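Below: the structure, in structure tokens.
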Amino acid sequence: MTLTAAEIKGFKPAAKAYKRADGKGLYVEIAPSGSKLWRWKYRFGGKEKRLALGAWPETSLAKARELRDQARRQLNEGEDPALRRKKAKATAQFEAANTFAAIGAEYIEKKMVGEGLAKRTIEKARWHLDLLSPAIGKMPISDVDPQMLLAALRKLEARGTYETAKKCRGFASRLFRFAIWKGRAEHDPAASLKGALTTPKAKHYAAILDPGKLGELLRVVDDYDGHPITKIALQITPHVFVRPGELRHAEWEEFDLEAAIWRIPEGKMKARRAHAVPLSRQVLSILEELQPHSGGGGYVFPSFYTPKRPMSENTVNGALRRMGFSKGEATAHGFRATASTLLNESGKWNPDAIERALSHGHSDAVRGAYSRGNYWEERVQMAQWWSDYLDQLRSGGVVIRLDTAQND
């Protein structure tokens, strides 16, 4: 006699587990807990075996019979259904551990975190992996071909994020090479896509180059009534003229306030070269004012929501907009151009010292070959002169025409 759904529903638990047969080796086992499990009894190689087919009611009576009949066909073909299931499970586990996303996570942890790369570099790698994963993350890495990867990158380009698409291709190439080293891939499809993506246009950030207008901006910043950490970020940015990301990711442990030096590790720098910033008296005073807000360690300019993350990349630019400066007038990144232009026009400082202060490499190979040292002493003097000059502009004092200034 075969079972019915009503009968199965009516089976009550007992002190010990018991079975009720359906037919052709299929039965339901009722446990003392009340759970009802489908099992199929069969013989293979002279041994009696059992195959679990799921729990009732998730696995219905009809479904249990279908699974039993499928297993019987495998048995008739001379294959052990239990062994086949183990192999399928092992294959699924292997493929799950060898997807693009899984190997990407392994690459980041073992290669990047394991080798002590900078936190910001690791965060960017995880971001690149997240961007690529919706398209190819679940695919076995050995199945990803150039066309599949290009399709994923084209989706990023469609958003207008050309630089991001380019960086994701580079990240993918490093990931594929890692998989090759581990014997889990045979080729790097990202390598063949070099040159296939749209080249991003060079960005020219709006900057105030007129000393009088710069002084006006500095005075408006002093009157800013927003979040105090945002205000201090606005105040310190013109003095140090580092890239906005370098300022946002600054951590207190990088600052030697006694020696008046900010040492930025290579992992946080665009050119992957460690950089040192001399701190003027004004900058030290600003940092002292900031310490009650974030001086307990960690990020110097933390997020408003959690001290574990840096300030948003839009915070300073957003504050500039609220103060009335349009995107075409002033940007956080533009303060670098402001400093570069006005310091060069002053005629007081070696252009190489200014370039080093901006953490630029040498575009002229000959000039780079004959450049001696990092011009540290000159940069210390220049940092103090620049802060004094900004104070003069802020106070509305007499504006010196920098292009006519004489060398000291």
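The values are calculated or read from the model by the stated rules, or taken from the named source; none is laboratory data. This structure is a prediction, so every number in the text was calculated from the model and none was measured. All Cβ positions, glycine included, derive from the backbone under ideal geometry; neighbour counts span all protein chains shown. When the accessible area is computed, the model is the full protein with side chains, heavy atoms only, and any ligands, DNA or RNA have been set aside. Shrake-Rupley method; radii C 1.70, N 1.55, O 1.52, S 1.80 Å.
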- line: Site L83, offset 7 angstrom along Cα→Cβ, radius 12 Å on amide nitrogen, limited to the range 15-56, gives 44-47
field: trypsin sites (Lys or Arg not before Pro) within the range 223-297, DSSP loop, no more than 15 other Cβ atoms inside 10 Å
entry: K270, R272, R273
- line: So E345 and E216, fully extended at 0.36 nm per residue minus their Cα-Cα distance, gain in nm 44.5 nm
message: Let me check against my output: what whole-number percent is the relative contact order of the chain, with C-alpha pairs under 8 Å and at least 6 apart?
response: 11 percent
task: List the residues whose amide H sits under 5 Å from the amide H of S303, counting only those 5 or more places along or on another chain, with H placed 1.01 Å from N in the peptide plane.
output: R309, M311
task: Filter the cross-link list K9/K47; K111/K268; K86/K110; K36/K86 down to pairs whose alpha-carbon distance in this structure exceeds 27 Å.
output: K9/K47; K86/K110
- request: With only Lys, Arg, Asp and Glu charged, each at its Cβ (+1 for the first two, -1 for the last two), find how big the charge dipole of the range 225-316 is about the Cα centre; round to the nearest 20 debye.
  value: 400 debye
message: Just to confirm my numbers, what's the Cα centroid distance between the range 176-242 and the range 305-347 in Å?
response: 10 Å
field: Accessible surface, the chain, averaged per residue in Å² (probe 1.4 Å)
entry: 55 Å²
message: Within the chain, what whole-number % of the accessible surface is contributed by carbon and sulfur, with the 1.4 Å probe and all protein chains included in the calculation?
response: 52 percent
field: Highest-first arrangement of 2-12, 181-191, where packing means the average Cβ count within 10 Å
entry: 181-191, 2-12
task: Estimate the FRET efficiency between S285 and R126 by the formula 1/(1 + (r/R0)^6), using the beta-carbon distance for r and 51 Å for R0, to the nearest 0.05.
output: 0.90
message: Normalised radius of gyration for the range 227-365, please: alpha carbon Rg relative to 2.2 N^0.38 Å, two decimal places.
response: 1.05
message: Going by average Cβ density within 10 Å per residue, which order do the peptides 112-123, 164-175 take, highest to lowest?
response: 164-175, 112-123
message: Amide H of Y18 versus every other amide H placed in the peptide plane: which residues, excluding those fewer than 5 positions away on the same chain, fall under 5 Å?
response: I30
statement: With x for Gly and Pro, the residue-by-residue ³J(HN,Hα) of the range 61-76, computed from phi through the Karplus equation 6.51 cos²θ - 1.76 cosθ + 1.60 at θ = phi - 60° and given in whole Hz, is 4, 4, 5, 4, 5, 4, 5, 4, 5, 5, 5, 5, 5, 4, 5, 5
message: Using the crude model of +1 on Lys and Arg Cβ and -1 on Asp and Glu Cβ, and no other charge, please compute the dipole size for the chain relative to its Cα centre, in debye to 20.
response: 3400 debye
- prompt: Between K327 and S192, what is the label-to-label distance in nm when each label sits 7 Å out along the Cα-to-Cβ direction?
  reply: 3.8 nm
statement: From DSSP H assignment alone, runs of 4+ in the chain each adding -39500 (n - 2.57), the sum over residues rounded to the nearest 500 puts [θ] at 222 nm at -14500 deg cm²/dmol
task: Could you grab the relative contact order for the range 170-274? Cα pairs under 8 Å, six or more apart, rounded to a whole percent.
output: 11 percent
task: Calculate the dipole size of the range 182-263 relative to its Cα centre from +1 charges on Lys and Arg beta carbons and -1 charges on Asp and Glu beta carbons; express the result in debye to the nearest 20.
output: 600 debye
- prompt: What is the spin-label model distance, in nm, from R72 to A52 if the labels are put 7 Å beyond Cα along the C-beta direction?
  reply: 2.4 nm
message: Give me the three principal axis extents of the chain from the C-alpha atoms, as integers in angstrom, largest value leading.
response: 107, 47, 38
task: Could you pull out every one of the lysines with an alpha carbon less than 24 Å from that of K327, ignoring same-chain neighbours closer than 8 positions?
output: K201, K203, K213, K231, K270
query: When N is the residue count of the range 5-63, what does its C-alpha Rg come to as a fraction of 2.2 N^0.38 Å?
result: 1.14
- prompt: For H227, H249, what's the largest-to-smallest order of accessible area, 1.4 Å probe?
  reply: H227, H249
message: Could you tell me the calculated FRET efficiency between L358 and A259, based on Cβ-Cβ distance and R0 = 25 angstrom, to the nearest 0.05?
response: 0.70
task: Output the relative contact order of the range 60-168, whole-number percent, from Cα pairs under 8 angstrom with separation of 6+ residues.
output: 24 percent
